[in-house]
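A short write-up of the structure that comes next.
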Amino acid sequence: MSMRAFLPPALRQIRSGPCPSTTSFSAFASSSSSTSSSSQLRFAAVRSKTVCGLTNGISPSTSVFGPKGLHASLGSTVNNMSTSSKAGTSGTQPKTPVYIQEVTPEITTFDYPFSRFGLLPIGGRSIAIKMRDGKLWVVPSTPLDGPTKTKIDALGQVAYLVAPDNVHHLFLKDFHAAYPSAKVVGTEGHEEKRPDVKFDGIYGKDPEGTMYGYENELVPQYFPTFANKDVAFLHKDSKTLITADLLFNLPCHQQYRNTPAGRATSWIPGIIWFSKLFNPYTSFHKMFLSGAGIASPIPNMANGGSKQERQKNFAQAASNVAKWDFQRIIMLHGDIIENHGQEAWRTAFNKYLESDGSPKFKTS
């Protein structure tokens with residue numbers, strides 16, 4: 001069955017029909033509110049162009065509805081953070097105020113609404129973790145607006161800026177400009193995508209086992225075969241798993257708390273229902289991981305490794321995480337899982353993991 005079969009009818013029509021004109025989307029924006037601003041109309045134009053990108057000129061192998069294409073599309077840098085059509089820079093104020101939450105005494109999150117292609121509400125989140133020496137380890141995934149910077153400055157000195165996969169980099173330059181003494185660590189592909197940022201370390205490029213200075217408190221696990229080259233982290237002191245796109249937990253109400261509706265909404269009928277398919281317990285999410293988990297080549301292996309070799313690699317990485325001691329999961333897209341995080345992880349990855357967390361695909 002095609003993944004498109006899971007979509008609500010309105011979204012299926014956008015996928016399979018002709019590309020809508022910018023005018024039609026602008027008219028939609030105007031008719032939906034009697035006070036539509038020029039920025040809303042600009043956003044409508046951006047939305048139109050983005051949807052055209054979904055419907056035209058995409059080969060089957062890179063289709064947004066294929067395992068790799070879907071994941072890359074969800075995590076790519078076509079941005080409308082806080083319903084703005086333009087990425088913010090340090091100190092600017094997005095349209096929707098950031099929601100700042102102290103999850104634990106060590107962990108603070110910065111939540112924004114964010115819809116992929118203006119269609120699917122998946123939310124956005126930055127994370128700041130106060131380390132034992134009082135310095136900060138930060139995942140900079142949302143705008144560095146005034147309230148965000150004020151809070152981070154109050155928390156402590158930023159020692160590390162860590163981009164946990166190769167698509168969450170849109171605001172990395174802003175954070176680096178604001179905190180130039182911080183060590184910047186990314187994943188394979190970041191140097192090509194962000195030549196304007198000096199990286200001190202790259203997972204997947206540096207020798208395996210390279211230490212960047214935070215490993216006694218934040219244990220990394222790199223997933224080289226995953227579509228977006230993700231790194232998962234265990235914050236040992238709070239027993240919290242930090243992950244970018246390996247897990248979604250939608251619908252993402254927490255990241256929409258400061259919107260007028262106070263919850264995730266979409267202009268596409270049925271899209272909120274569709275978003276519920278992206279959580280660790282659904283067959284859809286498991287199918288997504290099954291494909292996205294082996295979408296990238298194994299580094300330093302001829303032809304990037306066979307399908308079986310990639311399955312073994314991904315299963316072993318997932319098993320390593322399953323052995324960690326955590327209950328909470330903080331992902332970048334979706335509501336935080338406060339309890340039963342181990343169960344959620346093993347359930348989501350059950351095509352690769354046995355019930356005890358051991359890999360189904362054994363390495364020789």
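The values are calculated or read from the model by the stated rules, or taken from the named source; none is laboratory data. Note that the structure is a prediction, hence the values are computed from the model and not measured. Cβ sites come from the backbone with ideal geometry, for glycine too, and all protein chains shown count toward neighbours.
A few comments on the model shown:
- So VAL197, is it among the aliphatic types (A, V, I, L, M), assigned by TED's automatic domain parsing to the domain that holds LEU120 and free of Cβ contacts under 8 Å to residues at least 60 places away in the same chain: yes
- Among the conditions (1) crowded, with 19+ Cβ neighbours inside 10 Å; (2) touching an Asp or Glu at 6+ places or on another chain (Cβ under 8 Å); (3) within 26 Å of THR104 (Cα to Cα), the only one that ASN279 does not satisfy is (2).
- Qualifying residue in the range 344-362 (condition: closer than 30 Å to THR142 by Cβ, small (Gly, Ala, Ser), in the same structural domain as GLU208 (by TED's automatic domain parsing) and in contact with a strand residue (DSSP E or B) (Cβ under 9 Å, 6 or more places away or on another chain)): yes
- Sole exception among (1) touching a residue at least 24 places away in the same chain (Cβ under 8 Å); (2) surrounded by fewer than 22 Cβ atoms within 10 Å (Cβ to Cβ); (3) of a type outside the set (S, T, N, Q) for LEU161, by number: (2)
- Yes/no for PHE226 being closer than 22 Å to SER306 by Cβ and either in contact (Cβ under 8 Å) with a residue 24 or more places away in the chain or in the same structural domain as LEU241 (by TED's automatic domain parsing) (or both): yes
To keep it simple, each residue is scored yes or no on (1) within 19 Å of the chain's Cα centre (by Cα); (2) modelled with pLDDT of 90 or more; (3) crowded, with 20+ Cβ neighbours inside 10 Å.
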residue	(1), (2), (3)
GLY262	no, no, no
MET287	yes, yes, no
ALA318	yes, yes, yes
GLN327	no, yes, no
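- Where HIS176 falls short, out of the listed (1) under 30 Å from LYS307 (Cβ atoms); (2) modelled with pLDDT of 95 or more; (3) buried (at least 19 other Cβ atoms within 10 Å of the Cβ): (1)
- Any hit, the range 225-237, residues being of a type in the set (D, E, K, R), surrounded by fewer than 16 Cβ atoms within 10 Å (Cβ to Cβ) and within 18 Å of GLN316 (Cα to Cα): no
- Of all residues in the range 294-340, those satisfying the criterion of being touching a helix residue (DSSP H, G or I) at 6+ places or on another chain (Cβ under 8 Å) and either outside the structural domain of ASN279 (by TED's automatic domain parsing) or part of a loop (DSSP other than H, G, I, E, B) (or both) are ILE294, ALA295, SER296, PRO297, ILE298, MET301, GLY305, PHE326, GLN327, HIS333, ASP335, ILE336.
- Given (1) out of contact with any Leu (no Cβ under 9 Å at 6 or more places or on another chain); (2) of a type in the set (Gly, Ala, Ser); (3) not in a loop (DSSP other than H, G, I, E, B), index of the condition GLY291 fails: (1)
- Of the residues LEU247, LEU353, the single one that is closer than 16 Å to GLY123 by Cβ and at pLDDT 95 or above is LEU247.
- Looking across the range 328-363, just one residue is more than 26 Å from VAL167 (Cα to Cα), of a type in the set (S, T, N, Q) and touching a residue at least 40 places away in the same chain (Cβ under 8 Å), and that is THR363.
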